[in-house]
Amino acid sequence: MTETILVVDDEKEIADLVELYLKNEGYQVAKFYAALPALDFARQQEVSLAILDVMLPDMDGFTLCQRIREEHLYPIIMLTARVEDMDKITGLTLGADDYVTKPFNPLELVARVKTQLRRYTRYNASGSQKEEDTLELRGLSISRESHRCTLNGEEISLTPLEFSILWYLCARRGKVVSSEELFEAVWGERYLDNNNTVMAHIARLREKLHEPPRRPRFVKTIWGVGYTVE
């Protein structure tokens with residue numbers, strides 16, 4: 001299946017140039033000169049990667065990035081003439097994966113697109129979680145190899161137990177894991193009734209992830225059953 005790249009830039013010459021180079025590499029391109037029609041497209045069609053300009057006529061690229069990231073995990077590259085460090089930090093913390101400043105070499109941009117797509121395919125391909133060393137989920141990134149966890153670019157300091165809990169749940173995202181299964185998998189011991197150890201560690205983990213107590217974004221409680229990461 002041909003990968004579709006979403007390109008959003010109000011400078012027609014740049015958007016057309018990016019489209020030309022991407023099509024030469026065999027990609028399909030969905031090109032827009034404004035944010036809102038691009039957002040509508042992203043909600044209705046399959047997209048593999050997005051390239052977003054920061055300065056757009058109807059919505060800034062940072063907001064567009066944030067809106068896309070609320071629903072999709074595919075890579076986002078910000079494309080802008082603004083070079084201030086704070087702009088770069090803003091884009092990355094809102095969920096962007098890379099940042100390219102104008103003027104740019106189209107071949108470099110294509111190379112970055114290929115890199116991001118390879119990374120995304122490796123970490124998020126369906127059915128390949130057993131092979132993964134890194135998991136990505138709505139701005140949360142955890143690496144088993146380096147034992148690092150970041151949330152929207154901010155490093156989260158986790159104990160080995162907290163890391164193991166988060167990894168176990170994220171690797172089984174979409175499934176409900178019972179407290180018994182989680183305890184025996186992470187602690188390697190037999191689970192006993194009324195054991196509050198798992199609950200206490202989940203509470204601490206949520207605190208470190210800045211999770212609202214009543215409506216956690218990542219680790220959710222299924223009362224009477226266990227925990228899940230959606």
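Among 54-60, 73-79, what's the highest-first ranking by average C-beta atoms within 10 angstrom per residue? Can you show the working numbers first?
On the way: 54-60: 16.1, 73-79: 23.0.
Taking the mean over residues of other Cβ atoms within 10 Å, the ranking is 73-79, 54-60.
If you add up the charges near E211, with Lys and Arg at +1 and Asp and Glu at -1, over every other residue whose beta carbon is less than 15 angstrom from its beta carbon, what do you get? Value of the local net charge: +4. Electrostatic bookkeeping for L107 treats Lys and Arg as +1 and Asp and Glu as -1; over the other residues with beta carbon under 13 Å from its beta carbon, the sum is 0.
With 27 Å as the limit, the listed pairs K31/K175; K175/K208; K102/K208; K31/K102; K23/K102 have K31/K175; K102/K208 beyond it between alpha carbons.
Throughout, read-outs are computed from the coordinates displayed, never taken from laboratory work. Source: prediction; values computed, not measured. All Cβ positions, even for glycine, are placed from backbone atoms using ideal geometry, and neighbour counts span all protein chains on display.
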